[in-house]
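For reference, the structure is listed below as structure tokens.
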């Protein structure tokens, strides 16, 4: 696809790169494909060194987002394209500005990762208007031209809550960790609301939550007060692993590991270790491999760039992971989990015959 902006001369490029580094933007130049592979790929990937894509991030704290970034990087490297990473660190206005910066750089495609609808809707439209292909992971930009990448967040919440019902029956007192306005959390909230409506015996004693960094420690501070004020809570639904880590810190400090069960979403090696601690209150999570989701995001964007349609919704299916399963299989890390659950190594989503995959 032709660039919409004139090429910068060498001096301007150097100045621009210096400014971007000052703004905290990481640049990654992915390795090039061999000529034999490139020759078999459709335009523009027959000349992958000329293809520039950007990842514009809202959330980056925690193992999930590091793993997601790794997946984006490895799939970009497999394609041989130039990847630019913009990290707004939960600054909504800065994230929108970074989309504009990516447009000014003349990128061919953008992956928008998380964010707020009100701040990203117009920014995403500006990219589309500039002729740039865009996909969005876990942020609703309300744009039919932009495929949505998701983990089936509703099912993440639903499967976790089904396990909570299985373990605790249909009557329990719950704490709920939630921050509205974040698309994946809003989708998981639908499952929570449905579960409460279908099971009147579930009492929501407290709702709390924050995305202030560091998220786990900030949530732990809230959870200490919540648990002290509501000693009858015996289940906590914390549908994001950084939330679950924070609740676990507070539960451990209060000596309530035998009295409270924590149900979450997402998984990492650190999460597996926390779930497998003796007497851990974190009994189940539902997840996809975030690296696989990152790979899928780039593949969906690549399909758009090649003139193909990945579909309006690109869903990576989730899996229930229980503490009992981790202990029974002696799973210590994500590699072990992938060995026991093949869906954690690769999702056959947003794939075509010409699409190269990262080395395994």
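FYI, it's all coordinate maths here, none of it is from the lab. Predicted, not measured: the structure shown is a model, and the values here were computed from it. Virtual Cβ from ideal backbone geometry, glycine too; neighbours counted across all protein chains shown.
For the chain, the longest principal axis of the alpha carbon atoms and the long axis of helix 92-105 meet at an angle near 20°. Normalising the average separation of contacting C-alpha pairs (under 8 angstrom, six or more residues apart) by the number of residues puts the relative contact order of the range 153-287 at 26 percent.
Taking a ≥ b ≥ c as the square roots of the Cα gyration tensor eigenvalues, the range 61-107 comes out oblate, since a/c reaches at least 1.5 and a/b does not exceed b/c. Measuring nothing but how far apart in sequence close Cα pairs (under 8 Å, 6+ apart) lie, relative to its length, the chain scores a relative contact order of 18 percent.
With contributions of -39500 (n - 2.57) from each DSSP H run of at least four residues, the per-residue ellipticity at 222 nm computed over the chain stands at -14000 deg cm²/dmol. Distance between the modelled labels on residue 259 and residue 117, one decimal in nanometres: 3.9 nm (7 Å Cα→Cβ projection). Computed across the chain, the Kirkwood hydrodynamic radius from all distinct Cα-Cα pairs reaches 21.2 Å. Contact order, relative form, for the range 217-356: 21 percent (alpha carbon pairs under 8 Å, 6 or more residues apart, mean separation divided by residue count). Within the range 153-287, all pairs of alpha-carbon atoms sorted by distance into 10 Å bins from zero give the percentages 13, 50, 34, 2.
Principal-axis analysis of the Cα atoms of the chain puts helix 153-168 at an angle of about 20° to the longest axis. Could you state the angle between the C-alpha long axis of helix 117-129 and the longest principal axis of the C-alpha atoms of the chain, as a value from 0 to 90 degrees rounded to the nearest 10? Roughly 20 degrees between the two axes.
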